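Working notes, structure below.
The values are calculated or read from the model by the stated rules, or taken from the named source; none is laboratory data. This one's a predicted model, so the numbers in the text were calculated from it and none came from an experiment. Reconstructed Cβ throughout: ideal geometry from the backbone, glycine too, with neighbour counts over all protein chains shown. SASA here: full protein model, heavy atoms, side chains in, ligands and nucleic acids out. Shrake-Rupley method; radii C 1.70, N 1.55, O 1.52, S 1.80 Å.
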Amino acid sequence: MKLASGILYTERQISQRVGEMAGQIARDYAGKTLVLCAVLKGSIPFLADLMRLLPGDVRLALIEMKSQVDGKHAKILFTSSLDLAGQHVLVVEDIVDTGITLDYLLKHLEVERAPASIRVAAFLDKPSARKLDVPVHYRGFSVPDKFVVGYGLDWQERYRNLPYITWVEPE
Ligand code: IMP
C-alpha cells in the first residue's frame, strides 16, 4: 500500500470541524463535570484539540483497545486510573468503522464502570463498513470506504503524524 496523493480533509477543515464539535459538546455539558474517555492511540490529536476547546471541569481517562481480535471481537489492553462511576462520560474515538470496537467498549463501560451517562464523539465515521448499530452523538466527518490515515490514524503504525486526512491505496 502507498499513500494517496490526494487529501480528504485539510488541517484547516479539521480544525474548523473540531471547533464546531467542541461548541456543541460545551453547550450540551454546560455546568456538568465531563470525563473524556479517549481510545488510544488514534484519538490523541483529536483529543488534544477537542479538550483544549472545552471549558469547565473536564477530566480524562485513557483506554487502549485491540480491534477485531478475530474479526468479531475487541479487547481492552489498558485503562488509566479514574473512577467513572456516576460520571458523564464522552468516549473520544478516531474512527468508527464496523462498530465492533465501540460496541464492546460501550457495553464494558456501562456494565463495569456504572457512569451516569455515556455518549460518543467520533472524529470520523465510515458508515458503509458498519456491522453493528452503535450510537455516534458527535461526528466530525463521514468518510468513504477507503483506509484513511493521518491526524492520529495509522496504517501499520505509520502516518499518524500527518496533520491532514488522506488514505492509502494499493501500489
Ligand atoms: P471498528 O471496530 O471496525 O469500528 O474499528 C475501529 C478501529 O479500527 C478504529 O478505532 C481504528 O483504530 C481502526 N480503523 C478502522 N478503519 C480505519 C481506517 O480507515 N484507517 C485507520 N484506522 C482504522
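A few points about this structure:
- Inside region 152-168, residues that are part of a loop (DSSP other than H, G, I, E, B), in contact with a strand residue (DSSP E or B) (Cβ under 7 Å, 6 or more places away or on another chain) and within 10 Å of the ligand (Cβ to nearest atom) make up a count of 3.
- Subset of region 30-52 that is over 19 Å from Ile165 (Cβ atoms) and open to solvent by 60 Å² or more (accessible area, probe 1.4 Å) - its residue that is nearest to the ligand (Cβ to nearest atom): Met51
- When Pro163 is tested against (1) in contact with a helix residue (DSSP H, G or I) (Cβ under 9 Å, 6 or more places away or on another chain); (2) surrounded by 13 or more Cβ atoms within 10 Å (Cβ to Cβ); (3) not β-branched (Val, Ile, Thr), only condition (2) is not met.
- When Leu82 is tested against the conditions (1) more than 22 Å from Tyr9 (Cβ to Cβ); (2) open to solvent by 60 Å² or more (accessible area, probe 1.4 Å), the lone failure is (2).
- Restricted to region 108-130, and to residues there that are under 16 Å from the mean Cα position of the chain (by Cα) and away from the ligand (no atom under 12 Å from the Cβ), the residue that is surrounded by the most Cβ atoms within 10 Å (Cβ to Cβ) is Ala121.
- The listed residue being touching a residue at least 40 places away in the same chain (Cβ under 8 Å) and not aromatic (Phe, Trp, Tyr), out of Leu90, Leu77: Leu90
- Among the residues of region 131-150, those that are within 8 Å of the ligand (Cβ to nearest atom) and either open to solvent by 70 Å² or more (accessible area, probe 1.4 Å) or basic (Lys, Arg) (or both) comprise Lys131, Lys146, Phe147.
- Answer residue from region 58-82, given it is out of contact with any Lys or Arg (no Cβ under 8 Å at 6 or more places or on another chain) and assigned to a loop (DSSP other than H, G, I, E, B) and is farthest from the ligand (Cβ to nearest atom) among those: Ser81
- Which listed residue, of Arg27, Arg17, is without any contact (Cβ under 8 Å) to a residue 40 or more places away in the chain and surrounded by fewer than 19 Cβ atoms within 10 Å (Cβ to Cβ): Arg27
- Residue in region 85-102 that is under 25 Å from Pro144 (Cβ atoms), out of contact with any helix residue (DSSP H, G or I) (no Cβ under 9 Å at 6 or more places or on another chain) and assigned to a strand (DSSP E or B) present: yes
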